[in-house]
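Colleague: Sending over a structure as structure tokens; questions will come in a sec.
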Amino acid sequence: MVFDPNAFPTSALPPEDPNATLADTNYQVVQIPNSQSADGSIYLQNQVGFSKTLIIDRILYLTIKMIGVLQQAAAAQANRINFLTQWQKAYTDVMDQVHAFTVNNGDKFDSDSDSDNDKETTLQQNLNQVNSVYTTTETNRRSIISDDAKSLQTTVNQTSDAVNSQSSLAKSFLQELNSLLSTIFRST
């Protein structure tokens, strides 16, 4: 990066040693007629104005670049929310497959006597209890993922607000610049 005589950073000047440019401000300056010295020439005055224009251009460029980065961050966060949603659905699908054991639903064990029926009922209750614990565990895991998704949704909303804020800033900056330029260059 090269620095102009007024220390404005710019990339429009040729890439040279910054100290060499500062040491000789009259480098490549042609004496303009009716100018008392090269330092007071219109060329140098235009260079300062041009540098200021480059600063405005750089600010606008960085604002637009920041908006793009924020949009990419919001898109990545939205993809993560999609992943978390699919993960929650997978837990729900697994819980839907848990079998409930009841007396007359076709879950029969080989039994002929009443004592075997009591054993069957006890076994069904035990299996239902195990399934209940399993379902509760899966529900808790799904809740953790749901909480992460809600937290991430808040972050996505904040990122989206930042994108809108930066877009509004760039828009108002351009409108203000348009107003200034139309005032300066009024057509008659």
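All of the numbers you see were taken from the coordinates with simple rules; none came from a lab. The structure displayed is predicted, hence computed values, not measured ones. Backbone-built Cβ (ideal geometry, glycine too); neighbour counts: all protein chains shown.
Colleague: Please report the net charge: other residues with Cβ closer than 12 Å to the Cβ of D93, K and R +1, D and E -1.
Modeller: Here the charged neighbours net out to 0.
Colleague: According to the Kirkwood expression over distinct Cα-Cα pairs, how big is the hydrodynamic radius of the range 148-188, in Å?
Modeller: With all distinct Cα pairs of the range 148-188 included, I get 12.5 Å.
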